[in-house]
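A short write-up of the structure that comes next.
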Amino acid sequence: MLIVAGHLMVAPDERLSYLAGCEAVVAAARRAPGCLDFAIAADLLDPGRVNVYERWESQADVDAFRGSGPSDEQGAALLSASVAEYDVGDTRSLTD
């Protein structure tokens, strides 16, 4: 399993429009083969921060979905990004 997690920074006055532009990406990701979870969400405390969380069955699934990356419009809105991929070897449920 692979987890992609981190955050993006956008201008606070552009965050709502940035998130609206991500709706189609989230919908497509959730339909993609190997996607276990995918979320892009506004941070509760920082008005310019957008949190990213993805969970995939494999690196191949991520690569097949990711393609060429964000659109030019999305990329232009980013002030900075701190996102990483994590290979997961084992999991434990905290809700069972």
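The values are calculated or read from the model by the stated rules, or taken from the named source; none is laboratory data. Every value quoted in this text rests on a predicted model; they were computed, and no experiment measured them. Using ideal geometry, Cβ is built from the backbone for each residue, glycine included, and neighbour counts are taken over all protein chains shown. Keep in mind that these areas ignore ligands, DNA and RNA; they rest on the heavy atoms of the full protein, side chains included. Shrake-Rupley method; radii C 1.70, N 1.55, O 1.52, S 1.80 Å.
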Within the stretch 22-43, how many residues turn out to be open to solvent by 30 Å² or more (accessible area, probe 1.4 Å), of a type outside the set (Asp, Glu) and within 10 Å of the chain's Cα centre (by Cα)?
-> 4
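Any idea which of ARG66, ARG55 is modelled with pLDDT under 90, within 12 Å of the chain's Cα centre (by Cα) and surrounded by 10 or more Cβ atoms within 10 Å (Cβ to Cβ)?
Every option except ARG66 fails the conditions.
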In the stretch 76-96, which residue that is within 15 Å of SER58 (Cα to Cα) and assigned to a strand (DSSP E or B) is least open to solvent (accessible area, probe 1.4 Å)?
-> ALA84
Residues located in the stretch 15-39, provided they are within 19 Å of ASP63 (Cβ to Cβ) and among the hydrophobic types (A, V, I, L, M, F, W, C) | VAL25, VAL26, ALA28, ALA29, ALA32, CYS35, LEU36, PHE38
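Taking the conditions exactly as written (among the aliphatic types (A, V, I, L, M) and either without any contact (Cβ under 8 Å) to a residue 12 or more places away in the chain or surrounded by 15 or more Cβ atoms within 10 Å (Cβ to Cβ) (or both)), does ALA11 satisfy them or not?
On the way: among the aliphatic types (A, V, I, L, M): yes; either without any contact (Cβ under 8 Å) to a residue 12 or more places away in the chain or surrounded by 15 or more Cβ atoms within 10 Å (Cβ to Cβ) (or both): no.
For ALA11, the condition - among the aliphatic types (A, V, I, L, M) and either without any contact (Cβ under 8 Å) to a residue 12 or more places away in the chain or surrounded by 15 or more Cβ atoms within 10 Å (Cβ to Cβ) (or both) - is not met.
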How many of the residues making up the stretch 34-44 are over 19 Å from TYR86 (Cα atoms) and not in a strand (DSSP E or B)?
-> 2
For the stretch 45-71, name all the residues that are in contact with a strand residue (DSSP E or B) (Cβ under 9 Å, 6 or more places away or on another chain) and more than 18 Å from TYR86 (Cβ to Cβ).
-> ASP46, GLY48, ARG49, VAL50, PRO70
